[in-house]
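**Q** To start, I am sharing the structure in question, which I have written as structure tokens.
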Amino acid sequence: MKKQTETLNRPDNTAFTQQRLPAWQPMLSAGIVIPGFVVIGLAFIGIGVALFVTSQNIQVLERDYTGVEQNSDNDCSRCLNRTNCVCAVQFNLAKQLEGPVFFYYGLSNYFQNHRKYGVSRDDYQLSGDTYYFENPEDDCIPYQYDSRNRPIVPCGSKANSLFNDTFRLYRLVGGQKKQVPFDGKGIAWWTDYNLKYRNPTLVDGSLAKAFNGTVKPVNWPKPVYELDTSDSSNNGFLNQDFLVWMRRAALPGFRKLYRRISEGEYADGLPTGNYSLEINYNYPVHGFDGRKKVFFSNVSWMGGKNQFLGIAYLVVGSLCIVMSLVMLIVYAKYRFPDEDS
Amino acid sequence: MLRRGLNRLCGGDEKRVDSRTIYVGHRPCPPTEAFIPPKFCDNRIVSSKYTVWNFLPKNLFEQFRRIANFYFLIIFLVQVIVDTPTSPVTSGLPLFFVITVTAIKQGYEDWLRHKADKEVNKYPAIRLENGQRARTYSENIKVGDVVEVVEDETFPCDLILLQSSRDDGTCFVTTASLDGESNHKTHYTVPDMEKDLESLSATIECEQPQPDLYKFVGRMHIYKHDQETFVRSLGPENLLLKGATLKNTKKIYAVALYTGMETKMALNYQGKSQKRSAVEKSINGFLLVYLSILVSKALVCTSLKYWWQSREGQDEPWYNQKTQKERDTYKFLKMFTDFLSFMVLFNFIIPVSMYVTVEMQKFLGSFFITWDKDFFDPEIEEGALVNTSDLNEELGQVEYVFTDKTGTLTQNNMEFIECCIDGFQYKNRDSCSELDGFCVTDGPISKLQEKAGREKEELFLRALCLCHTVQVKEPGPDERTELDQVDQVDGLDQVDGLHRPLAQAQEERGFIASSPDEVALVKGAMKYGFTFLGLESKTMKIKNRQNDIESYDLLHVLNFDPVRRRMSVIVRSRTGETMLFCKGADSSIFPRVKQEEVDRIRTHVERNATEGYRTLCVAYKRLSPEEFAEAEERLQEARLALQDRDEKLTAVYNQVETDMSLIGATAVEDRLQEEAAETMEALQGAGMKVWVLTGDKMETAKSTCYACRLFQRGTELLELTVRTLEGGRRREERLYELLQDYHKKAVQDAPPAKPGVTRSWATAQQEYGFIIDGATLSLVLNPADANSSRYKSLFLQICQNCCAVLCCRMAPLQKAQIVRMVKNCKGSPITLSIGDGANDVSMILEAHVGIGIKGKEGRQAVRNSDYALPKLKHLKKLLLAHGHLYYVRIAHLVQYFFYKNLCFILPQFLYQFFCGYSQQPLYDAAYLTMYNICFTSMPILAYSLLEQHICIEVLMDNAILYRDIAKNANLRWGPFLYWTVLGVFQGLMFFFGVRFLFSNPALQDNGQVFGNWSYGTTVFTILVFTVTLKLALDTRHWTWINHFVIWGSLCFYVFFSFFWGGIIWPFLRQQRLYFVFANMLSSVSAWLTIILLILLSLLPDILLMVFRKPKTHVRQKPRLTSAGAPKSPRASARPLLMRTFSDESNTVC
């Protein structure tokens, strides 16, 4: 062979060009898969049990206060077709609701994830860019300008439809109504509150003046700079309820965090007893077959109560175990002689 | 050949009739006549497609003619015009990317062409203007200009040689850049050309430009003041082609004939017709399915949307009121735009990137063929050549192999074995070279005296020495002087003492010929003492056994052509005798000689043929002066004809070559190619049917087939040749009878063939071989009577049941005809043609895959092929290893692409049911855009380039594995359905898994809730991980590149998500993903769901793999289980990476 004569034409003799790169060639054999499945199955069952138990331990108190049906525990049916109506939901806690307790409101058949609804906002406005106070995005139509052609801030259907039922919880102790304090801080994402949303720079030290020349959204009773006049850090776009609302829900049935109950004597939870939840019933859902609910719940490391995850883990885990058994039988019966040879 | 046929069909007819007239030196001829300078195109070569100005529009236009690009353009336009869920950027960006990359690539290629054009066009040339040499550029040369070319320069255009600096009016040319033949070819000046070009007044009449490099007809009228005009015929030997280089000649003068784009070189640049692979057809089929899925999804969503909206309160709840414009829009228009919006939303199911990836895979993948050192042949110092990368995977699908015999199965390295003179056999043995060079063996027919008469012997050897077109290779310039001296001494007198150096010079002397047979014959004659010294100015010199120089005037060469299958020369000896020597195939010689001579030689010829030698018969004839005069006149006449010159010449040749006497026959051995038999066996083992198509005679071809083990001892041969058809009755009847008979034997009586690929392998079934010859074949294919298809289908059925088919005595076009017939038969099998010569070009072009062997018969086959290999033995690796791997890779690539886009878009489709059919995208625009471009594209590309599901050695050793993928096995509807079901299953898993998780959106331990973008991001994260890990599961061959790319993509996805969500992008109107990904990762539940769903989605695949595995690959890789511990991929890869390449590093394989 004249192999010594290296020429230009000769292909490079490297592992790559010759497709001979050293390679790991895994094969899924029974010897790996069966123990693998057993291990995975056991791990999953373990996690599943943990999840299931945790989820079981989460207490949830759920009440529908839409008022479509006559209910003994609430009188909200009278508010169904009225505005500025106050109704109350009565409930009894037989067992202490461990703290911290989270108070959610829930809406169903409400399409916050509708595309048109979702884009109907102006993030530039919401980050405090005053140029867009005068010229809101076209996406905000039909809530871009009011009938007198003044710009709406915050514009768009999303802001316009801000959930405006308000709640007060009373504990009934010996015929006395004792208000349970709500904590409204930290219910929105930290990044939303601190980074994404911004109030406009104050004009003459006043937030209201920064909104000069704009009007409030059509459905709002008061302008954005009066959302929380008691706490300036919770006012304007940085109002936590507003921020929570602006984060669109994924599904038409959703819940949103309203308050936490973690103060004072309620830090350990809601003690047993009778409670009355007073509701300022403002938000109409009857027109589109929607429902309104409230939830009192505590959370665990896995979040709110959700049985799905625990059950799914248990099912998949046992599936893995079953499959490994089936494989074991199949292999014992048919394959092992092959493997040995 | 086909192309030419096409050209002829496509309105070339009138042009061909037309001829052009050229005025040499632009002088009117005859001088008195009015001179109208005819218009021809200038000598600029424009191979570039674009100019700076038209690049953008033209390139864009061409790109959007591709159906896929056009589709995406439409989608993009819909997004721009209609209010759609995703911004135009999501589909515009990938499209822009694809278009830009393609445009840059094409622009770069065009720039290279521009550069090459410029180099050619600005090539300095010297033109004679009014007798003065004027320097100019090549591009300025016009038809009719007289041009000077000096040694080692290339010709600026197609020229007719007028004058050469060599005395004999010849010049040497190498056409290496045209057809790769590097030998020197002799070209001749126009006969009787005047010395003074300035006073030359002549016109040239020639045919219109045509691409065939080897054909040219024309004539030259030379006008002289005092005499009548001469007419000289012009042939290819007078024509100097653009691109060829002048060698061994100081300078020449020539007149420009064809310029610029009309030169034969430029005409040959026209691209070959595109071959499309079967995989592409599958892709198109799948595309249709996905397109209908897309449309039906959009339809379902649209109709559901309007049904849902018709319910009270749902159409326009107070919180989400419509704009005035929306209310005013006509309802059906709204429905239509909604439909379009859904189309846009789901259009990602058909990805742009698939085309890009497939093309990249093909382009890059073909490099592995060129790089393969196993294809490197040290003799010619070349490796494989890939002319088209579109057909890589087709190499894994070949069902029929059509191979040429000479030069492909055999080496085309001819060796003179023996000859037979007047019925006596002379065998050449090196060991017993006697004084007279003859060694007589006891052949079966040797008679008492054991030798033919000396006169006959010498006549035979003279015939061998004269009857050929061999040239003697000129020694290099530095040796020339030395040899010249020897020649001079030699020429003066024959001194015994000088014999030795002269002999040495002769030994070194090389012969060049178009066919290696001729060289073998001349060399054979040399061994017997007759040496051909060369041809100088029409005089052939030979040295006879007495070391005397005999010289003969070469009067005419009646060229060889494959139809006549013989060639002749007419020479005149010094004694004034005019003789015609003719050599050719026995079938073409025997009818033209006396019958009693034939009988003496026939047995020899047939015996030699069955031994696998190539036989030629040699005959001669003395021509009386009258005969010669007549022949010469007719020849001259035929040569001057502008139309049908070939036909006329052939007619004259046939007339001249009659009543000859047979002197003998020669046998030349053509050795089998290295590993020809092994290769053929492997191909048959792989389930391919091998057909040998040769122009050779049946006996020779048959013996080659036996030698190659195409026919085995037990193979029953079914013959359908002229011989078997003889039998008194009409040939058609006999043919039909035989066909029926064979059909019964091979088709009907054969055990019922199991459908599919496993048929008849390794069963003890009678194997049949089929033999047919050209004449019979034309009877089968073009029968005289009407019921033609009857023969054809019978013939095809028989052939399909035979293990090997031999077609001998084939004309080149018949070869193509056979290939076409098989290609178009039921099931349209994939065909492959392999050949090395010009006569194989037609079948190489016709077959699905054409392979050229870089053999000795020039480069035409290579130029027209899709792949070129140095040797036949390389075919085995090309098909069994490369073809198999490429097929599996691309099949997986295609299926995977459809799969990953199905499970990408299905959740988005399902989400419509939960968002009021509002076309809300589930994923963020960045994810939609990047999914196919960045997150999932690289692993599959790496897979499709590097995967070896079975390692190459195993593939080579077990040809039977090739049958696993036969008939497009991996891209049929079965596997497609599997992938689709898998995609649907996973899509459902992703969506509903997360749906149930989000039934309580409070997923963090601080009680905060997640929104819709968290939902989408969770689904997307599961999606990216699942499809990537699915590919990882399928990867059987983990090189470091795979590791890098797979884990790298996943890391990139995570990194990108953090990055994309970590910054408030000023150019985005909505910061939808701001910290969504990070927040998702802060939720334990999300983590657990992601892990669960990934595992659950991959579970069916893992199970399937485990249960299926032992059946298929257990026997090939017993060691593997121990090699691959899945927990430590890095650990097992690292030590291997550190080793340099050596054979041991493949031990894992």
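The rows are residues; the columns are (1) more than 11 Å from every other protein chain (Cβ to nearest Cβ); (2) of a type in the set (A, V, I, L, M); (3) in contact (Cβ under 8 Å) with a residue 40 or more places away in the chain; (4) buried (at least 22 other Cβ atoms within 10 Å of the Cβ).
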site	(1), (2), (3), (4)
A:V224	yes, yes, yes, yes
A:F237	yes, no, yes, yes
A:W245	no, no, yes, no
A:A250	no, yes, yes, yes
A:G264	yes, no, yes, no
A:L270	yes, yes, yes, yes
A:N274	yes, no, yes, no
A:E278	yes, no, yes, no
A:F288	no, no, yes, no
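**Q** Filter region A:168-213 down to residues that are within 13 Å of A:R259 (Cβ to Cβ) and over 20 Å from the mean Cα position of the chain (by Cα) and give me whichever is surrounded by the most Cβ atoms within 10 Å (Cβ to Cβ).
**A** This residue is A:L169.
**Q** Okay, next question. For B:S138, are the conditions met, namely being among the small types (G, A, S) and modelled with pLDDT of 80 or more?
**A** Details: among the small types (G, A, S): yes; modelled with pLDDT of 80 or more: yes.
So B:S138 fits the description; yes.
**Q** Another question, if that's okay. Could you look through region A:62-84, keep only residues that are surrounded by 18 or more Cβ atoms within 10 Å (Cβ to Cβ) and of a type in the set (A, V, I, L, M, F, W, C), and pick out the one that is farthest from the chain's Cα centre (by Cα)?
**A** The extreme case among them is A:C79.
**Q** List pairs: first in region A:150-164 and in the same structural domain as A:Q112 (by TED's automatic domain parsing), second among the small types (G, A, S) and in a loop (DSSP other than H, G, I, E, B), Cβ under 7 Å, 6+ apart or cross-chain?
**A** Close Cβ pairs satisfying both conditions: A:G156/A:S120; A:S157/A:S120; A:K158/A:S120.
**Q** Between a first residue in region B:455-468 that is in the same structural domain as B:V571 (by the TED database) and a second residue that is of a type in the set (K, R), which pairs have beta carbons less than 6 Å apart while being 6 or more apart in sequence or on different chains?
**A** As it stands, the answer is B:C467/B:K583, since those pairs meet every condition given.
**Q** So, in region B:708-731, how many residues would count as being out of contact with any helix residue (DSSP H, G or I) (no Cβ under 7 Å at 6 or more places or on another chain) and either hydroxyl-bearing (S, T, Y) or modelled with pLDDT under 80 (or both)?
**A** 9
**Q** Something else: Looking only at helices (runs of 4 or more DSSP H) that fall completely inside region B:872-990, which ones have 3 or more residues that are among the aliphatic types (A, V, I, L, M) and within 18 Å of B:I1022 (Cα to Cα)? Break it down into steps so the answer makes sense when it comes.
**A** Details: elements: B:884-911, B:925-930, B:937-946, B:952-957.
Passing ranges, in order: B:884-911, B:925-930.
**Q** Still on this structure, I have one more. So B:F375 passes all but one of these: (1) touching a strand residue (DSSP E or B) at 6+ places or on another chain (Cβ under 8 Å); (2) more than 14 Å from every other protein chain (Cβ to nearest Cβ); (3) closer than 30 Å to A:T17 by Cα. Which condition number does it fail?
**A** That leaves (2) as the condition not met.
**Q** If I ask for residues that are within 28 Å of B:K967 (Cβ to Cβ) and β-branched (V, I, T), which ones from region B:821-874 would you list?
**A** B:V822, B:I830, B:T831, B:I834, B:I844, B:V849, B:I851, B:I853
**Q** Just the residues that are under 28 Å from B:P812 (Cα atoms) and either part of a strand (DSSP E or B) or among the hydroxyl-bearing types (S, T, Y) (or both), please, taken from region B:531-569.
**A** Correct list: B:H556, B:V557, B:L558, B:N559, B:F560, B:D561, B:R566, B:M567, B:S568, B:V569.
**Q** Does B:W318 meet the test of being without any contact (Cβ under 8 Å) to a residue 60 or more places away in the chain and either in contact with a Gly (Cβ under 8 Å, 6 or more places away or on another chain) or surrounded by 15 or more Cβ atoms within 10 Å (Cβ to Cβ) (or both)?
**A** yes
**Q** Please go through region A:132-161 and give me each residue that is basic (K, R) and part of a loop (DSSP other than H, G, I, E, B), ordered by number.
**A** Result: A:R148, A:R150.
**Q** Sticking with this structure for a sec: Checking the conditions here, which among B:L1096, B:L1136, B:L1103, B:L1088 is at the interface with chain A (Cβ under 7 Å from one of its Cβ atoms), over 23 Å from A:V38 (Cβ atoms) and either at pLDDT below 50 or assigned to a helix (DSSP H, G or I) (or both)?
**A** Answer to the check: B:L1136.
**Q** Right, another one. Looking only at region B:960-1016, how many residues end up being more than 14 Å from chain A (Cβ to nearest Cβ) and over 51 Å from the mean Cα position of the chain (by Cα)?
**A** 0
**Q** Any residue that is more than 9 Å from chain B (Cβ to nearest Cβ), within 21 Å of A:A188 (Cβ to Cβ) and modelled with pLDDT of 90 or more - is there at least one of those in region A:308-329?
**A** no
**Q** Among the listed residues B:A682, B:A665, B:A619, which satisfies the condition of being buried (at least 22 other Cβ atoms within 10 Å of the Cβ), assigned by the TED database to the domain that holds B:G774 and among the small types (G, A, S)?
**A** Working: B:A665 fails: assigned by the TED database to the domain that holds B:G774; B:A619 fails: assigned by the TED database to the domain that holds B:G774.
Exactly one residue qualifies, and that residue is B:A682.
**Q** In region B:768-797, what count of residues is obtained for those that are modelled with pLDDT under 80 and among the charged types (D, E, K, R)?
**A** Residues meeting the conditions: 2.
**Q** Please state which of the following conditions B:V1045 fails to meet, knowing it meets all the rest: (1) under 53 Å from the mean Cα position of the chain (by Cα); (2) aliphatic (A, V, I, L, M); (3) at the interface with chain A (Cβ under 10 Å from one of its Cβ atoms).
**A** For B:V1045, the exception is condition (3).
**Q** Please go through region B:1059-1075 and give me each residue that is in contact (Cβ under 8 Å) with a residue 12 or more places away in the chain, closer than 17 Å to A:W189 by Cα and either more than 10 Å from chain A (Cβ to nearest Cβ) or among the aliphatic types (A, V, I, L, M) (or both), ordered by number.
**A** B:L1073
**Q** Within region A:90-131, count every residue that is over 22 Å from A:K196 (Cβ atoms), under 25 Å from the mean Cα position of the chain (by Cα) and in a loop (DSSP other than H, G, I, E, B).
**A** 5
**Q** Here's a follow-up. Looking only at region A:290-298, decide whether some residue is among the charged types (D, E, K, R), in contact (Cβ under 8 Å) with a residue 24 or more places away in the chain and not in a strand (DSSP E or B).
**A** Applying the first criterion (among the charged types (D, E, K, R)) to region A:290-298 yields A:291-293.
From what's left, in contact (Cβ under 8 Å) with a residue 24 or more places away in the chain: A:291-293.
Subsequent filtering for residues that are not in a strand (DSSP E or B) retains none.
No, because not a single residue in region A:290-298 is among the charged types (D, E, K, R), in contact (Cβ under 8 Å) with a residue 24 or more places away in the chain and not in a strand (DSSP E or B).
The values are calculated or read from the model by the stated rules, or taken from the named source; none is laboratory data. What you see is a predicted model; the values in this text were computed from it and never measured. Ideal geometry is used to build each Cβ from the backbone, glycine not excepted, and the neighbour counts take in all protein chains shown.
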